[in-house]
1. Being assigned to a loop (DSSP other than H, G, I, E, B) and touching a Leu at 6+ places or on another chain (Cβ under 7 Å) is the filter here, so list the residues in segment 324-348 that pass it.
2. Regarding segment 175-190, can at least one residue be identified that is part of a helix (DSSP H, G or I) and surrounded by fewer than 16 Cβ atoms within 10 Å (Cβ to Cβ)?
3. Residues being within 19 Å of PRO322 (Cβ to Cβ) and touching a strand residue (DSSP E or B) at 6+ places or on another chain (Cβ under 8 Å): count how many of those fall in segment 191-215.
4. Name the single residue, out of those in segment 238-276 being in contact with a Phe, Trp or Tyr (Cβ under 9 Å, 6 or more places away or on another chain) and of a type in the set (D, E, K, R), that is most open to solvent (accessible area, probe 1.4 Å).
5. Checking ALA279 against (1) over 22 Å from the mean Cα position of the chain (by Cα); (2) of a type in the set (A, V, I, L, M); (3) open to solvent by 40 Å² or more (accessible area, probe 1.4 Å), only one condition comes out false. Which one?
6. List pairs: first residue in segment 281-300 and more than 30 Å from GLU365 (Cβ to Cβ), second residue open to solvent by 30 Å² or more (accessible area, probe 1.4 Å) and of a type in the set (Gly, Ala, Ser) anywhere in the structure, Cβ distance under 8 angstrom, at least six positions apart or on different chains.
7. Within segment 55-62, identify whether any single residue is open to solvent by less than 10 Å² (accessible area, probe 1.4 Å) and in a helix (DSSP H, G or I), and answer yes or no.
8. Can you pull out every residue in segment 120-173 that is at positive phi and crowded, with 17+ Cβ neighbours inside 10 Å?
Amino acid sequence: MKLVALFNPGIRKFVNGRKNTLPYLKRMRDTEKPLIWLHTASLGEFEQGSPVLDKLSEAYPNYQFLITFFSPSGYEVKKDALAPHLVAYLPMDSSWNTAAFLSVVRPEIAIFVKYEVWPGIYRQMARQKIPILLISAIFRKRQAYFKWYGGLLRTALRRVSHFYVQDSRSEKRLRSLGIKQVTVSGDTRFDRVLEISKTATPLSFMDAFKGPRDCFVAGSSWPADHRLIAPYINQAGEGQCFVLAPHKIDPKTIEELEELLEKKTIRYSNRNAGGLEEASVLILDTIGLLSQTYPYAEIAYVGGGFATGLHNTLEPAVYGMPILIGPGFHGFLEAEALVRAGGIQVVRNSTEFSTTLQGLFESPELRSEMGGINSAYILEQQGASDTIVDGVRSLLG
């Protein structure tokens, strides 16, 4: 990885950032306070852990909190945004790294989110009798834990003090391995999107852009999604406007998207130059605004369903709007549930997309029906964070 870091900026951040972890923690760790450690892989998993972090911060004001990330995409966004909590990279999973890290941090409990199972770290914590929780976890039969070659990972799982899983299928799969310390708590992302929806603030640029028009927002979109969406936009009427939030915002991706569009288009980065009201398409060439943009939409599209894996459908669903996605949604529990219920519509090509979107724009009644299904589902699934926090209290006393 050090060799690759010479040529890859992302890996360079990954490697260099870890050099500062121990000096930072030695400097910032308040040994007079007990510590709760929350680990997430990246930004998306942090959003899952965030409701638990917030509730624990309120419940344990005299504790110090450490949040670690595996990837730069999470760490770089949150390293200055979570004060007074400590924020660092997870050390690489070797015996020396882990021993040095734990000797400085000395957590009372460690909470890992979703898929984060680290055999070396788990082994060291088990030796030191540090409770380990795995929350919002989901287990599928194709994972290594359930294969003949997954012995090392199965051993790691058995060191977890308690699992809080998203669904009963995950519970059954863990029990098939002889693991019984499992609670079906649901997914903390439901709590997170509800929290965000209650605190969302108006966006002046969106007020100016949308005006009296009906608005469509495509979130976390990829080139395959853009090719699906662009033909409809190019023939759309004056009473409709479109916000596109690509997952990747590098210049090449933005330029290729603009080349597909024949309508007047403006980038978020150029919003202050004028022309927001006249533009039909707004491209969010920034990160961090998508969840605040969804409230302005009548209809949403969530990207990733054609190639990379579906992104977060809960963010628009909480606002009670119909959602369109590509066909690659299997394995995403909330998307599967909402497709079955009728709140999410699957589109497989640009013709299906155009026909479905036009029908939704023309039918406020259908939009209301589908949106109601989505918002009701969110409300029904809330509460995972409270269940997990109760579990933490039982371990900490």
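1. Of everything in segment 324-348, those that are assigned to a loop (DSSP other than H, G, I, E, B) and touching a Leu at 6+ places or on another chain (Cβ under 7 Å) turn out to be GLY328, PHE329, PHE332, VAL347.
2. Yes; the residues of segment 175-190 include at least one that is part of a helix (DSSP H, G or I) and surrounded by fewer than 16 Cβ atoms within 10 Å (Cβ to Cβ).
3. 4
4. LYS248
5. If we test ALA279 against (1) over 22 Å from the mean Cα position of the chain (by Cα); (2) of a type in the set (A, V, I, L, M); (3) open to solvent by 40 Å² or more (accessible area, probe 1.4 Å), just (3) comes out false.
6. Taking only residues 6 or more apart or on different chains, the pairs are ASP285/SER269; THR286/SER269.
7. yes
8. Within segment 120-173, just SER136 meets the criteria.
The values are calculated or read from the model by the stated rules, or taken from the named source; none is laboratory data. Just so it is clear, the structure is predicted and the values come from calculations on it, not from any experiment. So basically every Cβ, Gly included, is an ideal-geometry build from the backbone, and we count neighbours across all protein chains shown. Ligands, DNA and RNA are excluded from the accessible area calculation, which covers all protein heavy atoms including side chains. Shrake-Rupley method; radii C 1.70, N 1.55, O 1.52, S 1.80 Å.
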